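Just so it is clear, none of the values below were taken in a lab; they were calculated from the coordinates. Computed from a predicted structure; not experimentally measured. Methodologically, a virtual Cβ is constructed for each residue, glycine included, from the backbone with ideal geometry; neighbour enumeration extends over all protein chains shown.
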Amino acid sequence: MVTEAELRRWFSKAERIMIAGIGNPIRMDDFVGMKIVEDLLGKVGENVCLIECETVPEGFAEQIVEFKPSHVLLVDAAVLGKKPGESVLVEPEKLVNFPAISTHALPLRIFCDFLRENTKAKVALLLIEPELTDFGEKMSVVVEASAKRVVNLLLKILR
């Protein structure tokens, strides 16, 4: 599980933070990235920009670049081979050898490279293991609990 200490280290020296929630609102646990961003709305400082990308984060590239972030955190569900609800913080360059399966794993790596090149920001992915990704609008209990935990950690750090 991603820890507060790990997130604090990653956010150290952050001046302008972009948090992008990625996911499909009708694929149960795949919605987790969007849910986390939704739950942060109105609760973080002005130096934090939150965007809900759904399944097309690359469609928000211009908005992210224009914000001029020092840190970009992409939050998404990914099959990691872990227990449902487990979360990890991954640097994009580790995606090559990282056992993650996501509907956008390759595009996310390319997208992260684009962001780093065009913003000079520190970029990471906060990935959460889904339990259910069937069609439906309700997240599993375990992944919803994980989303709440991540929101609470981020609020401690970003307030």
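In table form, for the structure just shown:
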read-out: Long-range HN-HN contacts of Glu54 with modeled amide H, under 5 Å; value: Gly23
read-out: By average C-beta atoms within 10 angstrom, highest first, the peptides 111-122, 77-88; value: 77-88, 111-122
read-out: In nm, spacing of pseudo-spin labels at Glu6 and Leu155 (7 Å Cα→C-beta vector); value: 2.2
read-out: Potential lengthening between Phe135 and Leu41 on full extension [0.36 nm per residue; Cα-Cα distance subtracted]; value: 31.3 nm
read-out: Length released on extending from Glu58 to Phe114, taking residue separation times 0.36 nm less the Cα-Cα span; value: 19.2 nm
read-out: Length-normalised contact order for the stretch 4-158 - Cα pairs under 8 Å, 6+ apart - percent; value: 33
read-out: Helix 141-158 axis, angle to the chain major axis (alpha carbon atoms, nearest 10°); value: 20
read-out: Candidate lysines for bridging to Lys120, where Cα separation is under 24 Å - those fewer than 8 sequence places away on the same chain excluded; value: Lys13, Lys68, Lys94
read-out: Set of lysines near Lys138 by C-alpha distance (under 27 Å), chain-local residues within fewer than 8 positions excluded; value: Lys35, Lys43, Lys82, Lys83, Lys148, Lys156
read-out: Gyration tensor over alpha-carbon atoms, the stretch 1-60, equivalent ellipsoid semi-axes in Å; value: 22, 14, 11
